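Enquirer: Below is one structure. I have some questions about it.
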Amino acid sequence: MRILIVSLIAALALGATSAWATRQVRIYEANVSSQTDAAVQAQAALRQVLVRATGARDAANDPALAGVLAQASQYVLGTRPANTSGSIVTVLFDGGALERDITAAGRTIWPAERRIVLLVLTGGPASGAFETRRQVEGTLDATANRRGIPINSVRPEAANLPVTGDIPADAALSAAQRLRADVVLVGYGDAVPNGGTWRWVLTGTGINETWNGSLEDGVNGTADILSRNAVAIAAQPDQSLLVEFDGVPTLKEYARVADMLDAVMGVRSVQLAEAAGPRATFAVVTRTGIDGLQSALLATSHFERIDPKAGGTIAFRYHP
């Protein structure tokens, strides 16, 4: 029996959850001290915004953006108090104008919809007293805010992950899906009490990176990788694909498949092209091509690759 597209839209309202998770980051605003004049506030705030907007940690000192920074006041839309005492203000900028002038200066924009990072710390300070853990998490949160990446910090036991030894990549990614994150950053801190550095492992679809460094280096390295990947995807041309799915048992699962497709990084649009019984074909516009879309879908336990049967570009069997 044919299923009308309008029925699928109604099913989406039932709250199907995504297997990937992103969050819209508020890039074009920043908090600064109110104890300076408006021009100084604008410059200080814009230095933060340039880092978040471009994904480059040195953007505030980039000669190509010096002209933008010098005209900081002209981009300000307004300010508002950021705390009850009024000692901190939030400066709000014209995002459209900034994006235009940053691009004109030869720099790229990191899209505001960003992958949520599940941050797991093991060993060393991460296993210490509550006050120590709180200080560690405070440092991580502050660095993530400066770079504009959404993080969700958990202890390994809270995510059903091993508390000692290396965490397997597939277990880490499964935990991320359960906790509505998209990539996993694991910090191993056993060497830290002895003057050593953290060992960082970042895992996600198309990502498997390892490096050593401080707490700040863990978050900064993650932001560098995610911004570089996102900018590279945004620069690719749109490609239209017909994606078939077999084994979709209910209308609600049709909606869930559409939701998961729409959440894949690089996907620009998803439309139901045809549906008959347990088989559905979606028209997908993506900037990652067949390989990128396939890698993202196969990274979860919900899909396996099969041969197309209804003229699709690529096909999968769906496992609810």
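The values are calculated or read from the model by the stated rules, or taken from the named source; none is laboratory data. Since this is a predicted model, take the numbers as computed values, not measurements. Backbone-built Cβ (ideal geometry, glycine too); neighbour counts: all protein chains shown. Quick note on the areas: whole protein, heavy atoms, side chains included, nothing else; ligands and nucleic acids left out. Shrake-Rupley method; radii C 1.70, N 1.55, O 1.52, S 1.80 Å.
Enquirer: Over the chain, with a Gaussian network built from C-alpha contacts below 10 Å, which listed residue (V154, V267, V257) shows the highest mean-square fluctuation?
Expert: So, out of V154, V267, V257, the one fluctuating most is V154.
Enquirer: How big is the dipole moment of the chain about its Cα centre under a simple scheme where the beta carbon of each Lys and Arg is +1, that of each Asp and Glu is -1, and everything else is neutral? Debye, nearest 20, please. Display every interim value, and only then the final one.
Expert: Numbers: 28 positive and 30 negative charges, 90 e Å.
Value, rounded to 20: 440 debye.
Enquirer: Order these peptides, 48-55, 95-102, 81-88, 216-223, by their mean beta-carbon neighbour count within 10 angstrom, highest first.
Expert: Details: 48-55: 24.6, 95-102: 16.1, 81-88: 11.4, 216-223: 22.0.
So the order, starting with the most tightly packed, is 48-55, 216-223, 95-102, 81-88.
Enquirer: Quick one: pull the percent of accessible area on the stretch 186-237 belonging to carbon and sulfur, 1.4 Å probe, ligands and nucleic acids left out.
Expert: Values: 1090 of 2300 Å².
Carbon and sulfur atoms account for 48 percent of the accessible area of the stretch 186-237.
Enquirer: Please state the charge dipole magnitude for the stretch 28-179, taken about the Cα centre, from unit charges on C-beta atoms (+1 on K and R, -1 on D and E), reported in debye and rounded to the nearest 20. Kindly include the intermediate steps, with their values, before the conclusion.
Expert: Details: 14 positive and 14 negative charges, 14 e Å.
The calculated dipole for the stretch 28-179 is roughly 60 debye.
Enquirer: While we're looking at this one, here's another question. In Å², and per residue, what accessible area does the chain have when probed at 1.4 Å with the other protein chains present? Please report the intermediate quantities before stating the final value.
Expert: On the way: 15060 Å² over 320 residues.
Normalised by residue count, the accessible surface of the chain is 47 Å².
Enquirer: Applying the Karplus parametrisation 6.51 cos²θ - 1.76 cosθ + 1.60 with θ = phi - 60° to the phi angles of the stretch 258-265, what ³J(HN,Hα) value in whole Hz is obtained for each residue in order, glycine and proline being reported as x?
Expert: 4, 5, 5, 4, 5, 8, 5, 4
Enquirer: Sticking with this structure for a sec: Taking amide H positions as placed in the peptide plane 1.01 Å from N, state which residues far from A273 in sequence (5 or more) or on other chains have amide H under 5 Å from it.
Expert: T281, F282, A283
Enquirer: Taking amide H atoms as placed 1.01 Å from N in the peptide plane, list the residues 5 or more away in sequence, or in a different chain, whose amide H sits under 5 Å from that of V25.
Expert: E113, R114
Enquirer: Further question on the same structure: Please turn the phi angles of the stretch 284-289 into ³J(HN,Hα) values with the Karplus equation 6.51 cos²θ - 1.76 cosθ + 1.60 (θ = phi - 60°), one per residue in order, whole Hz, x for glycine and proline.
Expert: Karplus values, whole Hz, x for Gly and Pro: 10, 10, 9, 9, 9, x.
Enquirer: How big is the C-alpha Rg of the stretch 122-189 next to the rule-of-thumb value 2.2 N^0.38 Å, as a ratio? Display every interim value, and only then the final one.
Expert: Working: Rg = 12.1 Å, N = 68, 2.2 N^0.38 = 10.9 Å.
Rounded to two decimals, the normalised Rg is 1.11.
Enquirer: Mind listing the long-range amide H neighbours of S34? Cut-off is under 5 Å, sequence gap 5 or more, other chains count too, H placed in the peptide plane at 1.01 Å from N.
Expert: The answer is I88, V89.
Enquirer: Also: From the phi of every residue in the stretch 183-188, what ³J(HN,Hα) in whole Hz does the Karplus formula 6.51 cos²θ - 1.76 cosθ + 1.60 yield, where θ is phi - 60° and glycine or proline is x?
Expert: Running phi through 6.51 cos²θ - 1.76 cosθ + 1.60 with θ = phi - 60° gives 10, 10, 10, 10, x, 9 Hz.
Enquirer: Okay, next question. Can you tell me the orientation of helix 38-54 relative to the chain, as the angle in degrees between its alpha-carbon axis and the longest Cα principal axis, to the nearest 10?
Expert: 30 degrees
Enquirer: Considering only protein heavy atoms and a probe of 1.4 Å, how much of the accessible area of the stretch 31-92 is carbon and sulfur, as a whole percent? Walk me through the numbers on the way to the answer.
Expert: Numbers: 1670 of 3090 Å².
With neighbouring chains kept in place, the figure for the stretch 31-92 is 54 percent.
Enquirer: Next up: Using Cα pairs closer than 8 Å and at least 6 residues apart in sequence, work out the relative contact order for the chain, in percent.
Expert: On the way: 594 pairs, mean separation 59.2, N = 320.
Value for the chain: 19 percent.
Enquirer: Another question about this same structure. Given the options E29, E137, E157, which has the most mean-square fluctuation in a GNM of the chain, springs set between C-alpha atoms less than 10 angstrom apart?
Expert: E157
Enquirer: Follow-up question, since we're still on this one. Using only helices, what value at 222 nm comes out for the chain when you add -39,500 (n - 2.57) per DSSP H run of length 4 or more and divide by the total residues, to the nearest 500 deg cm²/dmol? Walk me through the numbers on the way to the answer.
Expert: Values: 9 runs with 111 residues, N = 320.
Helices in the chain give a 222 nm mean residue ellipticity of -11000 deg cm²/dmol.
Enquirer: Ok, one more. Relative to the longest principal Cα axis of the chain, at what angle does helix 95-104 sit, 0 to 90 degrees, rounded to 10?
Expert: It works out to around 90 degrees.
Enquirer: How many angstrom lie between the C-alpha centres of the stretch 290-320 and the stretch 21-41?
Expert: The two parts, judged by their Cα centres, are 42 Å apart.
Enquirer: On to the next question. Just from the alpha-carbon atoms, what are the Rg and Dmax of the stretch 192-269 in angstroms?
Expert: Rg then Dmax for the stretch 192-269, in Å: 18.5, 56.
Enquirer: State log₁₀ I(q)/I(0) for the stretch 92-218 at q = 0.11, 0.19, 0.22, 0.23 Å⁻¹ as given by the Debye formula over alpha-carbon point scatterers of equal weight, solvent excluded.
Expert: Scattering profile of the stretch 92-218, log10 relative to I(0): -0.44, -1.04, -1.31, -1.42.
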